[in-house]
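For reference, the structure discussed in these notes is given below.
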Amino acid sequence: MIEKNINIVEERIKSRCAAAGRNPSDITLVAVSKTHPAEMVREAFSAGLIHFGENKAQEMDAKSLEIKESVLWHFIGHLQTNKVKNVIKSAEYIHSVESVKLAAEIEKRAAKLDKVQKVLLEIKTSSEESKFGLETEDQIKEVADFCMESGNIQLSGFMTMAPFTDDESVIRKSFSNLRELKEKFNARGYGLDELSMGMTSDYEIAIEEGSTMLRVGTAIFGSRSYTI
Ligand SMILES: *Cc1c(COP(=O)(O)O)cnc(C)c1O
């Protein structure tokens with residue numbers, strides 16, 4: 001089932017890229033495996049996926065120890081400073097940096113491991129309910145500048161979550177806001193490559209708006225039960 005789902009998602013990425021004049025190789029599919037067992041990650045890896053997303057520090061740590069295949073882990077959830085030490089052991093990317101305090105902890109822990117941690121800043125791109133993410137340009141600049149000056153952090157780009165709505169124009173606006181923000185920062189020399197945006201319900205819109213990292217869970221692994 002997983003392999004079939006991956007094929008469907010990859011076909012949709014390809015056709016949407018073709019329509020939008022984009023190259024599918026510029027897009028990383030991050031399979032969001034949260035709540036699903038390691039066995040399903042292995043199955044997706046066998047079907048050709050390398051990038052996996054988790055939103056809980058403990059769960060990512062457990063799976064990264066259990067899975068010996070060379071998968072790349074993306075931490076996409078809200079991150080508390082006391083969990084950084086754990087997350088940084090396995091994270092290829094941390095998508096959810098939203099304060100100088102958190103970035104400073106990442107810098108400190110990455111330096112101890114002699115690692116350069118790739119991060120994205122989580123941005124609130126709509127006035128919706130979402131609790132996390134940087135809002136004003138001053139806030140974003142402050143955290144971005146801290147990351148740029150940190151020897152053990154590589155600032156790769158921005159991440160956002162679109163609001164939960166059926167209104168496509170609202171979702172699209174949220175994604176285009178993030179793209180424009182990246183363009184604005186790059187005009188000032190930040191050299192950001194990545195836009196992490198788009199989930200199961202909206203990844204095709206995200207492709208049209210310039211996403212380079214799609215975080216897709218349900219369309220690959222099926223629905224989640226939160227009983228575990
Ligand atoms: C769970 C999650 C996703 C994936 O959601 P789906 O709707 O299952 O594709 C993407 N991004 C974040 C931050 C998530 O927590």
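Give me a count of the residues in region 147-173 that are in a loop (DSSP other than H, G, I, E, B), hydroxyl-bearing (Ser, Thr, Tyr) and touching a residue at least 40 places away in the same chain (Cβ under 8 Å). Even if it seems obvious, please write down each step before you answer.
Of the residues in region 147-173, the ones in a loop (DSSP other than H, G, I, E, B) are 149-152, 160-167.
Subsequent filtering for residues that are hydroxyl-bearing (Ser, Thr, Tyr) retains 150, 160, 165.
If we keep only those that are touching a residue at least 40 places away in the same chain (Cβ under 8 Å) as well, we get 150.
Total meeting the criteria: 1.
Quick grid of which residues meet (1) more than 23 Å from GLY217 (Cβ to Cβ); (2) touching a residue at least 12 places away in the same chain (Cβ under 8 Å); (3) not in a loop (DSSP other than H, G, I, E, B):
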{"site": "PHE52", "(1), (2), (3)": "no, yes, yes"}
{"site": "LYS68", "(1), (2), (3)": "no, no, no"}
{"site": "TRP73", "(1), (2), (3)": "no, yes, yes"}
{"site": "LEU79", "(1), (2), (3)": "no, yes, no"}
{"site": "ILE94", "(1), (2), (3)": "no, yes, yes"}
{"site": "GLU107", "(1), (2), (3)": "yes, yes, yes"}
{"site": "LYS115", "(1), (2), (3)": "yes, yes, no"}
{"site": "ASP138", "(1), (2), (3)": "yes, no, yes"}
{"site": "ASP145", "(1), (2), (3)": "yes, no, yes"}
(request) Just need a number here: residues in region 117-127 that are of a type in the set (Lys, Arg) and either touching a residue at least 40 places away in the same chain (Cβ under 8 Å) or in contact with a strand residue (DSSP E or B) (Cβ under 6 Å, 6 or more places away or on another chain) (or both). (result) 1
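Of all residues in region 38-59, which are open to solvent by less than 70 Å² (accessible area, probe 1.4 Å), more than 14 Å from the chain's Cα centre (by Cα) and not small (Gly, Ala, Ser)?
The answer is MET40, VAL41, ARG42, PHE45, LEU49, GLU59.
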(message) I'm trying to understand the selection: among the residues of region 174-217, which are under 29 Å from GLU149 (Cβ atoms), within 16 Å of the ligand (Cβ to nearest atom) and in a loop (DSSP other than H, G, I, E, B)?
(response) MET197, SER211, THR212
(message) For region 117-134, check the following and say yes or no: at least one residue is modelled with pLDDT of 95 or more and open to solvent by 60 Å² or more (accessible area, probe 1.4 Å).
(response) no
(message) I want to confirm something. Restricting to region 82-99 and keeping residues that are away from the ligand (no atom under 13 Å from the Cβ) and not hydrophobic (A, V, I, L, M, F, W, C), which single residue is surrounded by the fewest Cβ atoms within 10 Å (Cβ to Cβ)?
(response) ASN82
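Considering each of THR200, THR165 in turn, give the residue that is touching a helix residue (DSSP H, G or I) at 6+ places or on another chain (Cβ under 8 Å) and more than 24 Å from THR28 (Cβ to Cβ).
THR165
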(request) Report yes if some residue within region 166-180 is closer than 17 Å to PHE75 by Cβ and surrounded by 13 or more Cβ atoms within 10 Å (Cβ to Cβ); otherwise report no. (result) no
(message) Going through LYS131, LYS63 one at a time, which residue ends up being within 16 Å of the ligand (Cβ to nearest atom), over 20 Å from GLN154 (Cβ atoms) and in contact with a Pro (Cβ under 9 Å, 6 or more places away or on another chain)?
(response) LYS63
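The values are calculated or read from the model by the stated rules, or taken from the named source; none is laboratory data. What you see is a predicted model; the values in this text were computed from it and never measured. Backbone-built Cβ (ideal geometry, glycine too); neighbour counts: all protein chains shown. With ligands, DNA and RNA removed, areas are computed over all heavy atoms of the protein, side chains included. Shrake-Rupley method; radii C 1.70, N 1.55, O 1.52, S 1.80 Å.
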